[in-house]
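Have a look at the structure below before the remarks.
The values are calculated or read from the model by the stated rules, or taken from the named source; none is laboratory data. Worth saying up front: this structure is predicted, and the values here are computed from it rather than measured. Every residue, glycine among them, receives a Cβ derived from its backbone with ideal geometry; neighbour counts consider all protein chains shown. In case anyone asks, the SASA skips ligands and DNA or RNA and just uses the protein heavy atoms, side chains included. Shrake-Rupley method; radii C 1.70, N 1.55, O 1.52, S 1.80 Å.
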Amino acid sequence: QVQLVESGGGLVQPGGSLRLSCAASGSIFSIVPMAWYRQAPGKQRELVASISRGGTTDYADSVKGRFTISRDNAKNTVYLLMNSLEPEDTAVYYCNPYPPWRDYWGQGTQVTVSS
């Protein structure tokens with residue numbers, strides 16, 4: 001029952017913060033690189049941030065300095081802390097390995113940044 005379940009999204013004002021969580025069922029997710037992706041209406045899905053098994057991180061230029069990806073392998077959970085949110089961050093956020101496994105996209109969690 002390999003599955004990824006995202007949570008933590010919501011409505012937040014510009015400049016606000018949210019922390020997303022990705023609960024991964026299946027031990028395989030504790031050893032592969034993981035990532036957060038997002039897709040806004042009418043736009044392509046894009047890579048937001050990735051993290052290796054050992055904790056090495058990479059970020060899209062658009063979120064660098066504002067977002068922090070982390071993982072707790074013991075809890076089989078990946079996090080995305082989002083600070084200084086902007087309206088342009090509005091999207092459905094997904095977690096998945098990096099590179100993504102195409103059959104394992106979940107429902108994602110909606111993040112809406114608006115006044």
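Quick notes
- Residues that are assigned to a loop (DSSP other than H, G, I, E, B), of a type in the set (Lys, Arg) and on the phi < 0 side of the Ramachandran plot are absent from the range 9-30.
- For first residues located in the range 58-73 and at positive phi, partners that are charged (D, E, K, R) and modelled with pLDDT under 95 and lie 6+ apart or on another chain with Cβ distances below 6 Å do not occur.
- Residue satisfying condition, being of a type in the set (Gly, Ala, Ser) and either within 16 Å of Tyr98 (Cα to Cα) or open to solvent by 40 Å² or more (accessible area, probe 1.4 Å) (or both), within set Gly16, Gly26: Gly26
- If only residues of the range 29-45 that are farther than 17 Å from Lys75 by Cβ and among the small types (Gly, Ala, Ser) are counted, the one that is most open to solvent (accessible area, probe 1.4 Å) is Gly42.
- Among the residues of the range 31-45, those that are assigned to a loop (DSSP other than H, G, I, E, B) and in contact with a helix residue (DSSP H, G or I) (Cβ under 9 Å, 6 or more places away or on another chain) comprise Ile31, Ala40.
- Which listed residue is surrounded by fewer than 20 Cβ atoms within 10 Å (Cβ to Cβ), within 14 Å of the chain's Cα centre (by Cα) and either without any contact (Cβ under 8 Å) to a residue 60 or more places away in the chain or not in a loop (DSSP other than H, G, I, E, B) (or both), from Val5, Val48: Val5
- Count - residues of the range 89-99 that are open to solvent by 20 Å² or more (accessible area, probe 1.4 Å) and farther than 12 Å from Val48 by Cβ: 2
- The set of residues from the range 100-113 being farther than 17 Å from Pro14 by Cα and open to solvent by less than 30 Å² (accessible area, probe 1.4 Å) comprises Gly106, Gly108, Thr109.
- Test for Leu11: is it among the aliphatic types (A, V, I, L, M), exposed (fewer than 15 other Cβ atoms within 10 Å of the Cβ) and modelled with pLDDT of 95 or more: yes
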